[in-house]
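Below: one structure, written as structure tokens.
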Protein chains: 2
Amino acid sequence: MATLRDVAKTVGLSAATVSRALSGHPYVDERTRGRVVRAARELGYRPNALARALRVQTTRTIGLIIPDIHNDFYAESATVLQGAFEEHGYRLILCISNSDPAHDRSYLRTLAEHRVDGIVHVPSSSIDAHELDAGGRRIPVVELLRHSPDAQFDAVLSDDFDGAAALTRHLLALGHRRIAMLTGPGAFSTTRYRVDGYRAALREAGLGPNDELVLYGSYTPECGHDATRAVLARTPRPTAIFSSGSRLTNGVLRALAEACVRVPDELSLVAYEDPEWYAISVPPLTCYTLPLREMGRVAADTIIARVAEGATPRPPVVLRFAGRLIVRESTAPPRA
Amino acid sequence: MATLRDVAKTVGLSAATVSRALSGHPYVDERTRGRVVRAARELGYRPNALARALRVQTTRTIGLIIPDIHNDFYAESATVLQGAFEEHGYRLILCISNSDPAHDRSYLRTLAEHRVDGIVHVPSSSIDAHELDAGGRRIPVVELLRHSPDAQFDAVLSDDFDGAAALTRHLLALGHRRIAMLTGPGAFSTTRYRVDGYRAALREAGLGPNDELVLYGSYTPECGHDATRAVLARTPRPTAIFSSGSRLTNGVLRALAEACVRVPDELSLVAYEDPEWYAISVPPLTCYTLPLREMGRVAADTIIARVAEGATPRPPVVLRFAGRLIVRESTAPPRA
DNA sequence: ATCGGTCCTGGAAACGGTTTCTCGCCTGTG
DNA sequence: CACAGGCGAGAAACCGTTTCCAGGACCGAT
């Protein structure tokens, strides 16, 4: 077995003393401690984290729910968060929701049942706050990147409105007027803000809202591919495409290559996010990059602070991080 | 609080009955069950997974340790595994080791302390089998993609030898003779097998082992970039590059673009793995793709079977999956 | 000699579920 | 009427820790 009691038995001490000896408690004789640690090692004793957590009512574990592990966007966040938690002695449980509200809720429930101390959530659904009640107290939640506005959670967001507006303005300044926007589900706050930013930029330029050029879908390469084909078939054909996610961009490029449309000569392309391969794409892509590392760190600090302060009610804080436009070679003035 | 006993108190029953009512036990009056579930819902009762696990001595949780979440290779494995576990009612705890042996071991220990029922491991170090003793029994482990040969674990591997040989033969058949190989740490089994495959293909072609053309590093874009610059500086310059990992490939392409080396006119490029962007790269990359989905599923089935059969000792099985050469447009006969 | 601290150690009660054992009740049967 | 057996429910033990409460030993001060 090798439980605490087994160790206690072999050294002829009580479980209490063994526990104290191993957890560095003062008031335990150094020779006794030596005997205990030696016996523990020999028996291959490994503490049971479950039992400990049950007793001390804290797991030092934080749950992270992200929609998609293939998206650099979220992969990067996960990496940063994990590093930050490690520094503070927290473990990370990573869940992948595939942007499915049912999965989303199910993971939330699971994490609550496992009594994680806190949750960092990239929501794919709006959630009932009381789903998070567990063992009497409310589990602290920090929302990352996406926002469920009615629920009163802390949030660390990017300024999607500004980002989309910046990309659109860049195209407008080059002279583009028919700009197709490819984006994800309208249910996500990110999608809505980006579309709003796009519209606002058009309005600034005195253009009416051409909502027939906004194509909603899911953030997958297939969707980007199909939407691009649809865009290319339009008459008059748009002179620029705004891809609202890196996996969409993948499909966009494939469709453009299939149709032998040259970028930026025949069509300009701007994209949200900046995964590794944007810079080495041919041509390198003009994009809007987010300070993901910083955002991840802030999210980690926020949730850790919330956990530490306990149930003290404090109004939620919402932070928005500005990104940066990177002009590369996928944009040029329209030809015609 | 909302514990089981609280529910019991409000409906005037014993904790035992409430437990039975909620877990679908027979021999509990249907009207009683109704009252219990109603009360549980009203009180917001949420079972404590820790307490349950402590009692029933199983967590229905499986740990997965991967080196790098940014690598499509592992991201895909994680996705497949998660899906498979979900079907069988297992949860997944995902740990990212960054290919650091210290992290690797630390996660192994953490997972053991949390009494996961099994572990799927992409090893970054050779591990002591007895590190996995926990609560008396040995936690089952399945190794994925990489192999620690001395430890007696089940393993689901790709045939790295064959893959590297296939890519090298493809280049040789086109007439290449000076083929540089860019690869990761020599400590990984994957790296060693791939280098062996490369050497074997050269030997078949009657070429001596030109080990000065094998550049070891780490599987990062920076490393690919720097190694490529080093390769380009060699005289005579190699006519082809073999990139042994997708993040390496990223750096290779960037370095080639900076040096204005055209692919495949001036230099051919083959790459291991096949992430989404290989096909839309310019030119699309010739590569060796692995049946990741299938491998993930087999790994999941294997670990679940091991968990189910308990401590029954059974000799470890090692499976190797063959991949497939995909010839795209990054390879051509050498010019000179 | 008594008292009041430190310094060690042990007993026992949690933590929140599950499971075994037991027991009473009811019904049907010989 | 005695009895077997199925059903429903409760008491108590258990999982492996931590921690509160006590108590004994030892020391110096009163």
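What the table shows:
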| quantity | calculated |
| --- | --- |
| A:Leu108 being open to solvent by less than 10 Å² (accessible area, probe 1.4 Å), aliphatic (A, V, I, L, M), farther than 25 Å from A:Glu276 by Cα and away from DNA strand C (no atom under 13 Å from the Cβ) | yes |
| Among the residues listed as A:Val80, A:Val37, A:Val11, the single one being β-branched (Val, Ile, Thr) and away from DNA strand D (no atom under 16 Å from the Cβ) | A:Val80 |
| Filter pass, A:Leu92 being buried (at least 16 other Cβ atoms within 10 Å of the Cβ), more than 10 Å from DNA strand D (Cβ to nearest atom) and not assigned by TED's automatic domain parsing to the domain that holds A:Asp117 | no |
| Answer from A:Leu253, A:Leu269, A:Leu285 - the residue that is at the interface with chain B (Cβ under 10 Å from one of its Cβ atoms) and among the aliphatic types (A, V, I, L, M) | A:Leu253 |
| Cross-chain or 6+ apart pairs with Cβ under 8 Å, the range A:21-36 first and within 14 Å of another protein chain (Cβ to nearest Cβ) and closer than 23 Å to A:Ala2 by Cβ, then small (Gly, Ala, Ser) and within 14 Å of DNA strand D (Cβ to nearest atom) | A:Leu22/A:Ala40 |
| Filter result for B:Gly197 (of a type outside the set (Val, Ile, Thr), closer than 26 Å to B:Val80 by Cβ and at pLDDT 90 or above) | yes |
| Sole exception among (1) open to solvent by less than 40 Å² (accessible area, probe 1.4 Å); (2) farther than 28 Å from A:Gly310 by Cβ for A:Ser97, by number | (2) |
| Close pairs (7 angstrom Cβ cut-off, 6 or more residues apart or separate chains): facing another protein chain (nearest Cβ under 7 Å) and without any contact (Cβ under 8 Å) to a residue 24 or more places away in the chain in the range B:42-57, of a type in the set (Asp, Glu) and in a loop (DSSP other than H, G, I, E, B) anywhere | none |
| Failed criterion for B:Ser218 (all others in (1) more than 30 Å from B:Val116 (Cβ to Cβ); (2) part of a loop (DSSP other than H, G, I, E, B) hold) | (1) |
| Criterion (open to solvent by less than 40 Å² (accessible area, probe 1.4 Å), within 11 Å of chain A (Cβ to nearest Cβ), farther than 27 Å from B:Tyr278 by Cα and among the small types (Gly, Ala, Ser)) met by exactly one of B:Gly63, B:Gly83 | B:Gly63 |
| Scan of the range A:48-96 for residues that are under 25 Å from A:Thr249 (Cα atoms) and under 9 Å from the mean Cα position of the chain (by Cα), ordered by number | A:Ile65, A:Ile66, A:Pro67, A:Asp68, A:Phe73, A:Tyr74, A:Ala75, A:Glu76, A:Ser77, A:Ala78 |
| Verdict on B:Asn71 being open to solvent by 60 Å² or more (accessible area, probe 1.4 Å), away from DNA strand D (no atom under 13 Å from the Cβ) and not assigned by TED's automatic domain parsing to the domain that holds B:Tyr219 | no |
| Checking A:Ser77 against (1) at pLDDT below 95; (2) open to solvent by 30 Å² or more (accessible area, probe 1.4 Å); (3) under 30 Å from A:Leu144 (Cβ atoms), the condition it does not meet | (2) |
| In the range B:1-57, the residues that are at positive phi and more than 10 Å from DNA strand C (Cβ to nearest atom) | B:Gly12, B:Gly24, B:Gly44 |
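The values are calculated or read from the model by the stated rules, or taken from the named source; none is laboratory data. Model, not experiment: these values are computed from the prediction. Cβ: placed from backbone, ideal geometry, glycine included. Neighbour counts: every protein chain shown. Calculation scope for accessible area: heavy atoms of the full protein, side chains included, ligands and nucleic acids excluded. Shrake-Rupley method; radii C 1.70, N 1.55, O 1.52, S 1.80 Å.
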